[in-house]
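S.K.: Pasting a structure below so you can have a look.
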Amino acid sequence: MITKEDIERINFLANKSKTDELTSEEKSEQQILRRKYIDWIKSQVKVQLDSIEIQDSHEHEHKHNHGHSCDCHKH
């Protein structure tokens, strides 16, 4: 998980690198934090994608075939 402190540190190092040279330790820390952030984003996207259920149009029609007209079938 990425913390608020991680984000603040990423931003601090990014801003510092625009005006000053980062030390080798800071560059290493920056790479680690960026990788942590990217991995966290990827995991969040995966959770979202895993929760998607795909229905085909036939399944949709069968679920709504209840004996009277339904606006969901009009195109």
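The values are calculated or read from the model by the stated rules, or taken from the named source; none is laboratory data. Values in this document were obtained by computation on a predicted structure and should not be read as measured data. Neighbour counts are summed over all protein chains in view; Cβ atoms, including those assigned to glycine, are modelled from backbone coordinates with ideal geometry.
S.K.: Quick test for you: out of 15, 65, pick the one residue that is of a type outside the set (Val, Ile, Thr) and at pLDDT 95 or above.
M.R.: 15
S.K.: Report every pair of residues separated by at least 6 positions or lying on different chains whose Cβ atoms are under 9 Å apart, first residue within segment 19-39 and without any contact (Cβ under 8 Å) to a residue 40 or more places away in the chain and closer than 14 Å to residue 7 by Cβ, second assigned to a helix (DSSP H, G or I) and among the charged types (D, E, K, R).
M.R.: Close Cβ pairs (under 9 Å, with a partner that is assigned to a helix (DSSP H, G or I) and among the charged types (D, E, K, R)) amount to 29/9; 30/9; 33/6; 33/9; 36/6; 37/6.
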